[in-house]
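The structure under discussion appears below in the form of structure tokens.
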Amino acid sequence: MSGWGRSRRCLFLLLLVVMTTLLATLVDRRVSVGQVPGLGGDASGDAAAGKREALRFPAGKVDAQSRQHAGQDTPGIRREGTGTAGGKVTSLPRTLRHGCRDGNAARDVSDLSSRQRWSALRHIIVNDEYRFLYCYVPKVACTTWKRVISVLEGRFSDPEHIPMDMYKFHQQNWTYLSHYPAASVAYRLQHYYKFMFVRDPLARLVSAFRDKFERRMETFSLKEAWTILEKYRPSPISETDVSHPNITFHEFVQYVVDTAPRSMNQHWRPYLDLCQPCAIHYDFVGHVDTLEDDAKAVLSAIGADNKVAFPARSAFYSHASSEDAVNHYLSQLPPDLFQKLVSKYQRDYNIFGYKLPVR
């Protein structure tokens, strides 16, 4: 082959490599911002059906078995307790999609900032065998769901008997959506069954306080407690406070109110900031009130109901006693701080069908 022929061939190969690289870059960019069918961009005909409204839920059997719609005719949480002002703290459900109509809410993956997208993806557990995505929310049955998923992954045989320390169990090598490249993330968001579970936001907050600051102190709890004491305890911190910090619920709530949602610990960070439900179109949103029925619906939807059973609640669990505990803590707050706390979680209340608590 002549020198000119070789040069032409090399030039052609170089041009082909450059074009391939540019094409791959463009495709990756479209995927990373959600511009794939069903995730964003203009659509027409059949593709328009893929551009789903926020919080679209399944129809048919799964829909009939669950109360995830939480409409006007749906019984839900009702908390009543006497506050410092003598009024009642009450919470009732409302429509789920209301909060996502807020102009400030991200309506699609492409609307999320890089930080928001990363924060959400690192909370979504992936199972490729059963093709589902589960956004875990601490203090909303996430440990039980992880037990179930560990059985589906073949790590253990019984979700009610996990032979290892629970802290180590949570630190296992779970497969998160953040582990995948952009194209794989977009594919799974579009084609996999996506679900999450919620509960009354302030009930979750109280549960987090009791579990992390009253019943036990983990490493992160100690760090948070020291920060709270330094910021809100006027007197000098004693040696006892350092080793066994005893923060009050009032101090904890003040800390939560003063902290930006993106900087909160995951155990009390708002649902909207954890799972981005307005931008990621979950197929199913279950509620703690109907946990067992909703869990059965999810397992049926992913085809795993014959593989594992969702563990039943403890015989000692009482919804009424749980509500009483929530009211006991909330009644300790002065009215102005209570209203600030409600405002902090207002978007969660609106989006997931709970009426804002009032006193």
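The values are calculated or read from the model by the stated rules, or taken from the named source; none is laboratory data. For clarity, every value in this text was computed on a predicted model and none was experimentally measured. Positions of Cβ are backbone-derived with ideal geometry, glycine not excepted, and every protein chain shown enters the neighbour counts. Remember, those area values only see protein heavy atoms, side chains included, never the ligands or the DNA or RNA. Shrake-Rupley method; radii C 1.70, N 1.55, O 1.52, S 1.80 Å.
Some points to look at:
- Relative packing of 128-134, 150-156, which averages over residues the other C-beta atoms within 10 Å, highest first: 128-134, 150-156
- Across region 325-334, computed HN-Hα scalar couplings (Karplus, 6.51 cos²θ - 1.76 cosθ + 1.60, θ = phi - 60°) run 5, 4, 5, 4, 6, 5, 5, 6, 8, x Hz from first to last residue, x flagging Gly and Pro.
- Between Tyr176 and Gln339, the simple label model (points 7 Å from Cα in the Cβ direction) yields a spacing of 3.8 nm.
- Here the accessible area of region 263-359 is 49 percent carbon and sulfur, with a 1.4 angstrom probe and all protein chains present.
- Burial order of peptide ranges 286-298, 218-230 (average beta-carbon count within 10 Å, highest first): 286-298, 218-230
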